[in-house]
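Okay, structure first, notes after.
The values are calculated or read from the model by the stated rules, or taken from the named source; none is laboratory data. For clarity, every value in this text was computed on a predicted model and none was experimentally measured. As a convention, Cβ positions derive from the backbone with ideal geometry for all residues, glycine included, and neighbour counts pool all protein chains shown. We work out accessible area using only protein heavy atoms, side chains counted, and drop any ligands, DNA or RNA first. Shrake-Rupley method; radii C 1.70, N 1.55, O 1.52, S 1.80 Å.
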Amino acid sequence: FSNAGDPDQAFSRFAAFFAGLSTGVQVLALLDARPVFLDLLARILAVAPRLADELARRPALLDALIEPRFATPLAEDRPGARLAELRERLSDVATFEEKLNVARRFHREEAFRIAVQVLEQAASAEQSGAAYADLAESCVASMADAALAETERQHGAQPGAFVVAALGKFGGRELAESSDLDLMVVYDAPDDASAASDFYTRLTQRLISALSAPTEEGALY
């Protein structure tokens, strides 16, 4: 921390992070055993105030930080890997509300990983834009699944089929971390038009809630 431009501020951020931990002994042992990890943590706290604040508010991000996959270059991520992992995490979750929380935790961990790789110059702006778009696509697809299941639970089987189209920078795969999502739900239902309209209106409202409603884990988009 003494090598930072503002060492007092860097240490203050570390104090805020450390105060939020349920137990500090294991973390100190980890930092002692892995100096490289301590160097990374110090750089985040020293030069990335927003990421430092995120760590202070969500100390559980430390678990993501020490995962081997965290340091894997974004360019080496397998196509569809984020969606597969998120769907795997959601597979054992029963309620709509808990699915929202699981998605928010996953999004926070993965967005943090992308941001740190940009900070460490391990990923280019183009790679990070594509990664943020892939993360958004994974979240939208999973939350569309959850919204459909909840709508069907309350209103019966869906008539026809639907897709969620990504527009704007999302569609162009050029998202930044704080970008909004421009979406369009398109459905095709050969049955009663009025009933189909009601169903997909409810589905779209559920999807909007799944993506933007604040929960104990925050919001997605």
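A few comments on the model shown:
- Residue ID - surrounded by the most Cβ atoms within 10 Å (Cβ to Cβ), chosen from residues in region 12-30 that are at pLDDT 85 or above and either closer than 20 Å to Glu120 by Cα or in contact with a Leu (Cβ under 8 Å, 6 or more places away or on another chain) (or both): Arg13
- Failed item, numbered, when Ala196 is tested on (1) touching a helix residue (DSSP H, G or I) at 6+ places or on another chain (Cβ under 6 Å); (2) open to solvent by less than 70 Å² (accessible area, probe 1.4 Å); (3) not acidic (Asp, Glu): (1)
- Near pairs, Cβ below 9 angstrom, 6+ apart or cross-chain, from region 66-86 (farther than 22 Å from Val140 by Cβ) to any residue that is part of a helix (DSSP H, G or I) and of a type in the set (Phe, Trp, Tyr): Ile66/Phe37; Phe70/Phe112
- Elements of type helices (runs of 4 or more DSSP H) in region 79-176, at least 1 residues being of a type in the set (Lys, Arg) and open to solvent by less than 60 Å² (accessible area, probe 1.4 Å): 81-90, 96-119
- Residue selected from region 31-60 under the condition basic (Lys, Arg) and over 18 Å from Ala71 (Cβ atoms), by the criterion most open to solvent (accessible area, probe 1.4 Å): Arg57
- Residue that is farthest from Gln205 (Cα to Cα) [pool: residues in region 181-191 that are surrounded by 13 or more Cβ atoms within 10 Å (Cβ to Cβ) and within 21 Å of the chain's Cα centre (by Cα)]: Leu181
- Filter result (in a helix (DSSP H, G or I), among the small types (Gly, Ala, Ser) and over 22 Å from Thr23 (Cα atoms)) within region 48-78: Ala71, Ala75
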